[in-house]
Amino acid sequence: MLEAKGLMVFYENMLALNNVSIKCADNQIVGIFGANSAGKSTLMYTLAGIILDMQKKEAMAGGERITMMGEIRYQGEEISHLKPSLRARKGIILCPERRRIFKESSVIENLRIGGYLASAPQAKKTLAYVFELFPTLKHLQKRIGGFLSGGEQQMLAIGRALMAQPKILLLDEPLLGLSPLMQSNLIHATREICNKMQIAIIVTEQYARPVMPIVDYAFILENGSAVLEGTRQELMDNPDVRSAYFGIEES
Amino acid sequence: MAITTQRRKERIDRGINVRTEGIYALMSIKELSYLAAPRLVLIVGLLILPLLLPDMYWKRVITITCIYAFLALSFDFLAHFVGLVSLGGAFFVGIGGYLAAIANTYWGFPPWLTIPFAALVGGAVCTLLLFPCLPLRGVYFAIVSLMYPLFSARVIEALDIFGGTDGIMGIDGFSNHFVEEYAPLGLLLIALFAIRRLVTTDFGLVLRGVKDNDQAIRASGMNVTFYKSVAVYIASTMGCLSGAILVHIYMWSGISLFALDFSILPIAATVIGGSGTLIGPVLGCFILVPISELLRDFGTLRIVFYALILVGFIIFRSEGLMVWGQRKYHQFERWTQI
């Protein structure tokens with residue numbers, strides 16, 4: 001469905017992504033794991049096209065020059081020069097790191113903004129689904145976004161992304177700063193979204209352990225390069241992954 | 001796309017920038033001149049400018065340009081290093097101008113005394129009046145600083161104080177043309193280099209911190225309002241200084257000192273020169289003010305040319321001249337294979 005080949009991103013002279021190739025099939029959850037500065041967020045920005053926007057802003061302010069190379073194919077079509085708004089219309093929806101909800105709008109307003117491009121019946125249906133998935137949000141509809149707790153904000157961010165009718169959902173560090181209970185709730189919700197809505201999901205995370213149970217395929221990034229990839233079982237069986245990402249020492 | 005033929009342009013710092021940060025190890029005349037040349041070009045260029053222009057009219061234009069340059073410098077300092085967008089250039093000019101006029105005509109101070117008096121006291125008056133909106137974040141400072149000059153002009157008109165609409169006449173001029181030409185230029189250069197130095201000191205770091213994240217500054221145990229008011233005092237002192245000089249050049253002080261031009265033109269100059277460079281806005285004034293004089297024959301049509309220049313800059317070189325120039329001077333570019 002989505003396939004990126006040989007992605008290279010430079011922030012001025014710093015190499016952020018080095019020849020990264022990833023792919024994600026229909027109705028599949030793909031995990032991308034890596035430490036800070038591995039290039040996870042840059043990869044997400046590149047897939048969603050936000051990087052083109054950053055590139056333009058930096059160029060206008062005379063700041064860093066961002067260079068991108070490689071190709072991104074989505075449903076067989078080359079999209080690496082497509083603006084983020086057009087990619088979103090095609091169904092590539094990013095749920096950004098640190099949530100970035102509209103802090104001064106209420107929960108229901110946030111969700112309605114997300115559903116701006118959807119048709120009215122679609123939006124209504126998705127809204128009902130979001131409330132079914134996250135019942136907490138239903139009770140907080142009138143609450144201003146900025147006053148929600150971290151977990152509620154993350155639910156809202158995912159809900160907002162779903163309202164935009166994604167065909168492929170990019171979740172950038174959805175578990176950042178959440179309690180273990182909330183983490184497991186969100187992870188189960190992610191699996192459910194994938195099954196129910198029949199969409200592909202790419203999720204990035206620093207800690208592989210909570211996310212690993214739901215992913216079908218995963219990539220491991222280190223210093224901007226994809227060093228390892230495989231299905232869940234292949235990675236779980238790999239001794240390097242076991243020690244580096246699960247803390248399991250081989251006897 | 002084939003990967004083998006791809007290349008990108010990279011920016012490399014010139015050698016002397018790389019070797020040390022801040023403290024330069026100077027090895028040769030070439031390196032010494034690399035550092036000193038831009039500063040010398042500016043200083044010498046500004047100082048010989050009045051000599052190159054034989055015409056009294058153009059010498060006067062240069063002096064007026066200096067007045068605007070002070071305001072642009074103060075705008076850039078507040079906007080880029082403290083995060084306060086000031087639309088009150090006219091307010092600073094007006095307060096400084098009227099104070100100098102009053103000190104000169106009512107109390108008989110000579111110009112060399114009225115100018116520092118108006119700058120220091122005027123800065124205090126402006127800071128005091130702007131103080132109520134300093135603890136607030138957001139648009140309040142901009143709005144209040146825009147309102148004060150309109151308000152002051154109407155008060156002077158309505159109450160008929162300080163000469164009312166006629167203004168205060170009979171103010172002493174400068175003793176000779178040499179002083180009139182070089183006092184503003186010299187003071188401008190001093191102010192420029194002083195502010196450049198100031199923003200790199202610890203105090204300047206705190207100010208930039210206030211702009212980025214005032215909550216973090218508060219959490220570090222510093223009083224944000226205090227730092228903001230000191231910055232406003234510095235900026236308004238420069239504005240009042242320019243106002244006082246202007247009054248002694250025109251030998252007249254009136255409510256046109258509160259005209260909107262003094263607020264708007266420095267902002268336009270900052271856009272053209274490149275905000276955050278300090279020298280950029282000064283350079284912007286030296287471009288905009290003379291152009292505005294050249295276009296005087298076109299009457300009100302000059303506003304159109306003016307607007308076109310501005311829009312052109314925003315579209316094609318929105319970073320500003322000096323940001324672009326400094327990058328070209330300090331870095332070079334070359335193509336690299338990937």
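For the reader, a short list of remarks on this structure follows.
- You will find that of A:Met212, A:Met197, A:Met182, the residue that is more than 22 Å from A:Gln75 (Cβ to Cβ), open to solvent by 40 Å² or more (accessible area, probe 1.4 Å) and of a type in the set (A, V, I, L, M, F, W, C) is A:Met182 and no other.
- Segment A:1-15: number of residues that are away from chain B (no Cβ under 11 Å), part of a strand (DSSP E or B) and open to solvent by 10 Å² or more (accessible area, probe 1.4 Å): 2
- In segment A:94-116, the residues that are more than 24 Å from A:Thr204 (Cβ to Cβ) and open to solvent by 80 Å² or more (accessible area, probe 1.4 Å): A:Glu104, A:Glu109, A:Arg112, A:Tyr116
- Selection count, segment B:256-294, where residues are within 14 Å of chain A (Cβ to nearest Cβ) and outside any helix (DSSP H, G or I): 4
- All positions within segment A:129-143 that are surrounded by fewer than 19 Cβ atoms within 10 Å (Cβ to Cβ), over 21 Å from the mean Cα position of the chain (by Cα) and over 17 Å from A:Gln198 (Cα atoms): A:Pro135, A:Thr136, A:Lys138, A:His139, A:Gln141, A:Lys142, A:Arg143
- Residue check, B:Ser292 crowded, with 16+ Cβ neighbours inside 10 Å, in contact with a His (Cβ under 6 Å, 6 or more places away or on another chain) and at pLDDT below 90: no
- Residue count, segment A:184-213 (criterion: within 17 Å of A:Leu2 (Cα to Cα) and among the polar types (S, T, N, Q)): 2
- Looking across segment B:295-338, the residues that are of a type in the set (Val, Ile, Thr), more than 13 Å from every other protein chain (Cβ to nearest Cβ) and more than 21 Å from the chain's Cα centre (by Cα) come down to B:Thr300, B:Ile303, B:Val304.
- Of the residues making up segment B:266-280, those that are open to solvent by less than 20 Å² (accessible area, probe 1.4 Å) and farther than 19 Å from B:Gly204 by Cα are B:Pro266, B:Ala268, B:Ala269, B:Thr270, B:Ile272, B:Gly273, B:Gly274.
- Checking each residue in segment B:162-189 for being open to solvent by less than 40 Å² (accessible area, probe 1.4 Å) and in contact with a Pro (Cβ under 7 Å, 6 or more places away or on another chain) picks out B:Phe174, B:Glu181.
Residue-wise test of (1) within 14 Å of another protein chain (Cβ to nearest Cβ); (2) in contact with a Ser or Thr (Cβ under 8 Å, 6 or more places away or on another chain); (3) modelled with pLDDT under 90.
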site: B:Asp13; (1), (2), (3): yes, no, yes
site: B:Ala25; (1), (2), (3): no, no, yes
site: B:Val61; (1), (2), (3): no, no, no
site: B:Leu73; (1), (2), (3): no, no, no
site: B:Phe81; (1), (2), (3): no, no, no
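- Looking across segment A:35-56, not a single residue is within 14 Å of another protein chain (Cβ to nearest Cβ) and modelled with pLDDT under 90.
- Leading residue by the ranking (farthest from A:Met54 (Cα to Cα)) among those in segment A:65-83 that are surrounded by fewer than 16 Cβ atoms within 10 Å (Cβ to Cβ) and without any contact (Cβ under 8 Å) to a residue 60 or more places away in the chain: A:Gly76
The rows are residues; the columns are (1) polar (S, T, N, Q); (2) farther than 18 Å from B:Ile314 by Cα.
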residue: B:Asn223; (1), (2): yes, yes
residue: B:Ile234; (1), (2): no, yes
residue: B:Leu241; (1), (2): no, yes
residue: B:Met251; (1), (2): no, yes
residue: B:Gly273; (1), (2): no, no
residue: B:Gly280; (1), (2): no, no
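- Residue that is farthest from B:Ala142 (Cα to Cα) [pool: residues in segment B:62-76 that are β-branched (Val, Ile, Thr) and open to solvent by 10 Å² or more (accessible area, probe 1.4 Å)]: B:Ile62
- You will find that of B:Phe91, B:Phe162, the residue that is more than 30 Å from B:Gly209 (Cβ to Cβ) and touching a helix residue (DSSP H, G or I) at 6+ places or on another chain (Cβ under 8 Å) is B:Phe162 and no other.
- Residue count, segment A:208-251 (criterion: free of Cβ contacts under 8 Å to residues at least 40 places away in the same chain and outside any strand (DSSP E or B)): 22
- Residue-level analysis places B:Ser229 outside the set of residues that are away from chain A (no Cβ under 14 Å), assigned to a helix (DSSP H, G or I) and within 12 Å of the chain's Cα centre (by Cα).
The values are calculated or read from the model by the stated rules, or taken from the named source; none is laboratory data. The shown structure was predicted, so the numbers you read here are calculated from the model rather than taken from an experiment. With ideal geometry, Cβ positions are generated from the backbone for all residues, glycine too; neighbour counts draw on all protein chains shown. Ligands, DNA and RNA are stripped out before the accessible areas are found, and what is left, the full protein with its side chains, is counted by its heavy atoms. Shrake-Rupley method; radii C 1.70, N 1.55, O 1.52, S 1.80 Å.
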